1. Under a crude label model (7 Å from the Cα following the beta-carbon direction), how far is T61 from K78 in nanometres?
2. Loop-only check: which chymotrypsin sites (Phe, Trp or Tyr not before Pro) in region 14-56 are DSSP coil with at most 14 other Cβ within 10 angstrom?
3. Which of the GluC sites (Glu not before Pro) found in region 55-146 are in a DSSP loop and have at most 13 neighbouring Cβ atoms, other than their own, within 10 Å?
4. So what's the back-of-envelope 222 nm ellipticity for the chain, counting only DSSP H runs of four-plus at -39500 (n - 2.57) apiece and dividing by all residues, rounded to 500?
5. State the cysteines of the chain left without a partner when partners are defined as other cysteines whose beta carbon lies under 4.7 Å away.
6. Looking at region 55-139, which trypsin sites (Lys or Arg not before Pro) are DSSP coil and have at most 12 other C-beta atoms within 10 Å of their C-beta?
7. Identify which of the listed values of P(r) over Cα pairs in 5 Å bins from 0, in percent was calculated from the structure shown: [x] 2, 9, 16, 18, 17, 13, 9, 8, 6, 3, 1, 0; [y] 2, 9, 20, 24, 24, 15, 5, 1, 0; [z] 1, 8, 15, 16, 14, 14, 12, 10, 6, 3, 1.
8. Once fully extended, how much extra length lies between R69 and K33, figured as 0.36 nm per residue of separation less the alpha-carbon to alpha-carbon distance?
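Readers should treat all values here as calculations from the given coordinates under stated rules, not as data from a laboratory. Model, not experiment: these values are computed from the prediction. Positions of Cβ are generated from backbone atoms using ideal geometry, with glycine treated the same way; all protein chains shown enter the neighbour counts.
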Amino acid sequence: MKKGLLFVVTLISLNSIAQKVDVGDDHIITVDKQNYAMIDREGCGMFEAECKFNVFDLDSTKQIVIMFRSYKDYMEIKPANKEGIVRYCEFVFLKSKKKAEVGSVFLKSAKMAKIIVKANLFKDGKLDEAAVDEFVIINGTPFSDRARKL
């Protein structure tokens, strides 16, 4: 009985902590119905060569460009990946000129917004430079570093 009650309390606690992230038709990212930042997808169509997201603060200043990148790595050749293509997202922080890479590749604004919110990259509608520094340190550039060695 106590284990069941503890489980329910834990679930309720986790749900209350979880943030609801949405992207509206106006491209505004909201977190728990509060405006957070703006995101605009460019390209990403079926036959388009380029796919990127532009991320703006609430003053409409472009702060981040997220570009989809790929390279071929013979070590990644598998039955499900016959060409050994490695895909990743490169985050370019325009003001500081810092870069970081994330292995998750999402073509939907809402999924990309969740990465941005989870990393707390914006605070009070502005890019948080301390969060950017942490994001860059944690993620680094492992994909482009690997691609340069091939």
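1. The two pseudo-label positions are separated by 4.3 nm.
2. Qualifying residues, ordered by number: F47.
3. Filter output for region 55-146: E83.
4. -9000 deg cm²/dmol
5. So, C89.
6. Details: sites: K62, R69, K72, K82, R87, K95, K97, K98, K99, K108, K111, K114, K118, K123, K126; in loops: K82, K95, K97, K108.
Of the trypsin sites (Lys or Arg not before Pro), the ones in loops of region 55-139 whose Cβ has at most 12 other Cβ atoms within 10 Å are K82, K95, K97, K108.
7. Looking at P(r) over Cα pairs in 5 Å bins from 0, in percent for this model, the match is [x].
8. Values: separation 36, 0.36 × 36 = 12.96 nm, distance 3.19 nm.
Full extension of this stretch gives 9.8 nm more.
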